[in-house]
1. Only residues in the stretch 200-215 that are closer than 18 Å to residue 302 by Cα count as the first member; pair them with residues that are aromatic (Phe, Trp, Tyr), Cβ under 6 angstrom, at least 6 apart or cross-chain, and list the lot.
2. Would the stretch 234-246 turn up any residue that is more than 19 Å from residue 211 (Cβ to Cβ) and part of a helix (DSSP H, G or I)?
3. I need the full set of residues from the stretch 255-285 which are out of contact with any helix residue (DSSP H, G or I) (no Cβ under 6 Å at 6 or more places or on another chain) and under 16 Å from residue 202 (Cβ atoms), in order please.
4. Hey, can you tell me all the residues within the stretch 137-178 that are open to solvent by less than 20 Å² (accessible area, probe 1.4 Å) and among the hydroxyl-bearing types (Ser, Thr, Tyr)?
5. Quick check: is even one residue across the stretch 216-224 open to solvent by 50 Å² or more (accessible area, probe 1.4 Å) and of a type in the set (Ser, Thr, Tyr)?
6. Pairs please, first residue from the stretch 220-232 and in a helix (DSSP H, G or I), second anywhere and of a type in the set (Asp, Glu), Cβ atoms under 9 Å, 6+ apart in sequence or on different chains.
7. Would you mind listing the helices (runs of 4 or more DSSP H) fully within the stretch 250-363 where at least 3 residues are open to solvent by less than 70 Å² (accessible area, probe 1.4 Å), closer than 30 Å to residue 133 by Cβ and at pLDDT 85 or above?
8. Here is a check on your reading of the model: is residue 283 hydrophobic (A, V, I, L, M, F, W, C) and either under 24 Å from residue 111 (Cβ atoms) or touching a strand residue (DSSP E or B) at 6+ places or on another chain (Cβ under 6 Å) (or both)?
Amino acid sequence: MSRKDQDLNKEEHEAQTEASRKEDARRNRAASAEQSTSRDSGSADPYGNRRDDRIYGGTEMSTHMKSDMPPGAGDHGGLDYKTLPKSTPGWKVIVQEMIADKLALFSLILFTAITAYVFGLTMFLDQAQIVFVDLFAINQPPNEEFRLGTDYGGRDIFGQLIIGTRNSLAIGFLVTLMSVGFGIVYGLVSGYFGGQLDNALMRVVDFFLVLPFLMIVIVFVTIVPSYDIWTFSAIMAAFLWMGTARLIRSLALQEKELDYINASKTLGSSPVKIIFSQLMPNLVGIIIVNATLSLAANIGIESGLSFLGFGFPEDYPSLGTLLAYATQTQTLQNRWWIWLPAALMILLLMLCVRNIGEALRRAGDARQRQA
């Protein structure tokens, strides 16, 4: 081949190479423009963000990169709020805990049944007739006429047991409502405002704590000429609110430092609105547990005072007054029907309330862990 032919072939090869290079460049520009248009128009996530190809190299993320991202994260690199796991509502946590704890569920059913039975049956009982002294029916054992026998005054033990259980439960509920309600408000105000007000309010709590509770209640019960369930409950509640106040105050001191409280203050919300609409709802779990356990303690305190003789008189039955009959040797040894039903009722109520309170406490702990 002559040199002229070689030069011609070389020029043709260079021309083909240049044309191929231009065609590749054109195709790359077209692909880049199409990719940019697709990224600008169709790759926005629900939050308005766009995928950055500089991070992922213009390709899809690898499988191991996706597995490291939290649930709800897609190729756009953001979180999809629709697929994020949602926390279980508080009432569902309580229901699940009750169903899982068979003993607590049985205790709740039994306590509800006892409460409904005694409050419903006492509507049809004549208290005056039940506490009427019948000298011809003294210390009779259980029979067809008296299902649980009679006491040393010939009074029906079954009727006294039903009315006494109602009175003890009513006092327990009222004392719990009064003492826990006042303690919650007192503790929230003290913990939220803090400073000198908190210091002054806590000194009042310390003063009440050093008082001999039992002796003070006995003095009040003795000097009051006549009292009923409301008066007796108010006397007890006046000296049983301090524990709840200290508990709620300590929790309020922690909660008020959180961001949602500071945000409400910044927005100009009033202290009353912050305390009762934002701070208090976050303490409902602790409040329920505290109230449940306080109910058992209050029933026990009332029964103890009645057992010592500083509760209601004999014509106003209580579980404590029935149990007090066991202080007589003959009654304790030979007349079990007078005191044993009341003792079993007190034990049953205490165990039921305790089991329910423990289940509620576990439900509150589980709710806090989810939060």
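1. The qualifying pairs are 213/239.
2. No, because not a single residue in the stretch 234-246 is more than 19 Å from residue 211 (Cβ to Cβ) and part of a helix (DSSP H, G or I).
3. Correct list: empty.
4. Hits for the stretch 137-178 are 150, 165, 168, 176.
5. Yes, there is a match, as at least one residue in the stretch 216-224 is open to solvent by 50 Å² or more (accessible area, probe 1.4 Å) and of a type in the set (Ser, Thr, Tyr).
6. 232/302
7. 284-308, 319-324
8. no
The values are calculated or read from the model by the stated rules, or taken from the named source; none is laboratory data. Since the model is a prediction, treat every value here as computed from it, not as a measurement. When we count neighbours, we look across all protein chains shown, and the Cβ atoms used for this are built from the backbone with ideal geometry, even at glycine. Accessible surface is based on the protein model in full, side chains and every heavy atom, while ligands, DNA and RNA are left aside. Shrake-Rupley method; radii C 1.70, N 1.55, O 1.52, S 1.80 Å.
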